1. When the stretch 221-244 is examined, which residues are found to be of a type outside the set (A, V, I, L, M, F, W, C) and open to solvent by 10 Å² or more (accessible area, probe 1.4 Å)?
2. So which residues in the stretch 81-99 are out of contact with any helix residue (DSSP H, G or I) (no Cβ under 7 Å at 6 or more places or on another chain) and within 16 Å of the ligand (Cβ to nearest atom)?
3. Determine if the stretch 277-296 includes at least one residue that is polar (S, T, N, Q) and out of contact with any Gly (no Cβ under 9 Å at 6 or more places or on another chain).
4. If I filter the stretch 139-155 down to residues being part of a loop (DSSP other than H, G, I, E, B) and in contact with a helix residue (DSSP H, G or I) (Cβ under 9 Å, 6 or more places away or on another chain), which single residue comes out as least open to solvent (accessible area, probe 1.4 Å)?
5. On the basis of being buried (at least 18 other Cβ atoms within 10 Å of the Cβ) and in the same structural domain as S198 (by TED's automatic domain parsing), does L279 make the cut?
6. Would you please list the contacts, defined by Cβ atoms under 9 Å and residues six or more apart or on different chains, that run from a residue in the stretch 282-309 that is over 27 Å from G144 (Cα atoms) to a residue that is open to solvent by less than 40 Å² (accessible area, probe 1.4 Å) and among the aromatic types (F, W, Y)?
7. If I ask for residues that are closer than 17 Å to K150 by Cα and open to solvent by less than 40 Å² (accessible area, probe 1.4 Å), which ones from the stretch 179-198 would you list?
Amino acid sequence: MRKKPLVIVTRKLPDGVETRMRELFDTRLNETDAPLSQAALGEAMKAADVLVPTVTDRIDAALIEQAGDQLKLIANFGNGVDNIDVDAALRRGIAVTNTPGVLTDDTADMTLALILAVSRRIVEGANTLAAGEWTGWSPTWMLGTRITGKRLGIVGMGRIGQAVARRAKAFGLSIHYHNRRRAPTAIEDELEMTYWESLDQMLARMDIVSVNCPHTPATYHLLSARRLKLLRPNAIVVNTARGEIIDENALTRMLEAGEIAGAGLDVFEHEPAVSNKLLRLARAGKVTLLPHLGSATAEGRMDMGEKVIVNIRAFMDGHSPPDRVLPSML
Ligand code: 8YV
């Protein structure tokens, strides 16, 4: 029988996933869940046939160059691969896979949750009550903004963007979007979406902007200081994609100055670090901040693990893994 591949997993995964991996592969787990240092990652890549990293591991060109020749697959536990230098991996003949599709609904749900939380001041209200500060109902207290009938501009119309649009339509929002490629007419018609080739023009007209595109060199600071200035003062910005897509300092300055109405952020430019200014704005009820919970459901994490396993098995059996990521796809 052929020797089982050595699979090194960098973080603690759901029990069911880890058990199955141990049955199938020679699996090295991370019982403590402590993120690996760059040096420890380098060591792992010198030994593993397959590495299973997550968003918290930075697999850059330097690490990939020093990887052992036996490393043939990086099977990312996650959809976004901006933590991995896919180009450098390809040059070394290392395949990269991800886990698309299984976190679409969860991430779209969280996007709507943030739109509602910011517009209806849900966290602020809940915190006031929990602090024992609620003195009773009032006709003019804690008024938020209605979302029905408002314009939602979605930046990125892939799987997650479409799932957001579908939900938002049910909430009575009118859907607008910007994407590199226009969506098929059937999808535009179904979701009654308006396409904006110009992101600038779309931003200037929206009540709510939701970021749902991947982070790539082309989308880094896509919502730059200049573009953020185009937003209307009543606008809110929601980001469940990647912090790097928005110039976070510029957004923070505008929130402080009251130049936009609010923001709901599940991701940050220097995660897990969140600036004191943003934290202050959160305490003042001006923003809702979440600790990267977009895909954090028990079901989603099991499904992601299952995808990782399927990708490893297909690859080890000599097939092209179903979720192979190539630089041309980014
Ligand atoms: C994952 C995510 O939890 O999949 C992604 O791209 O952003 C997250 O929701 C994370 O990446 C796991 O590695």
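The values are calculated or read from the model by the stated rules, or taken from the named source; none is laboratory data. Since this is a predicted model, take the numbers as computed values, not measurements. Because the Cβ atoms are built from the backbone with ideal geometry, glycine has one as well, and the counts that use them run over all protein chains shown. Keep in mind that these areas ignore ligands, DNA and RNA; they rest on the heavy atoms of the full protein, side chains included. Shrake-Rupley method; radii C 1.70, N 1.55, O 1.52, S 1.80 Å.
1. H221, S224, R226, R227, K229, R232, P233, N234, T240, R242, E244
2. Those that are out of contact with any helix residue (DSSP H, G or I) (no Cβ under 7 Å at 6 or more places or on another chain) and within 16 Å of the ligand (Cβ to nearest atom): V81, D82, N83, I84, N98.
3. Within the stretch 277-296, none of the residues are polar (S, T, N, Q) and out of contact with any Gly (no Cβ under 9 Å at 6 or more places or on another chain).
4. Start the filter on the stretch 139-155 by keeping residues that are part of a loop (DSSP other than H, G, I, E, B), which leaves 139-150.
Adding the requirement that they be in contact with a helix residue (DSSP H, G or I) (Cβ under 9 Å, 6 or more places away or on another chain) leaves 142, 144-147, 150.
On the way: M142: 44, G144: 41, T145: 76, R146: 174, I147: 14, K150: 56 Å².
So the residue we want is I147.
5. In short, no.
6. R301/F77; M304/F77; G305/F77; K307/F77; V308/F77; I309/F25
7. L191, M193, listed by residue number.
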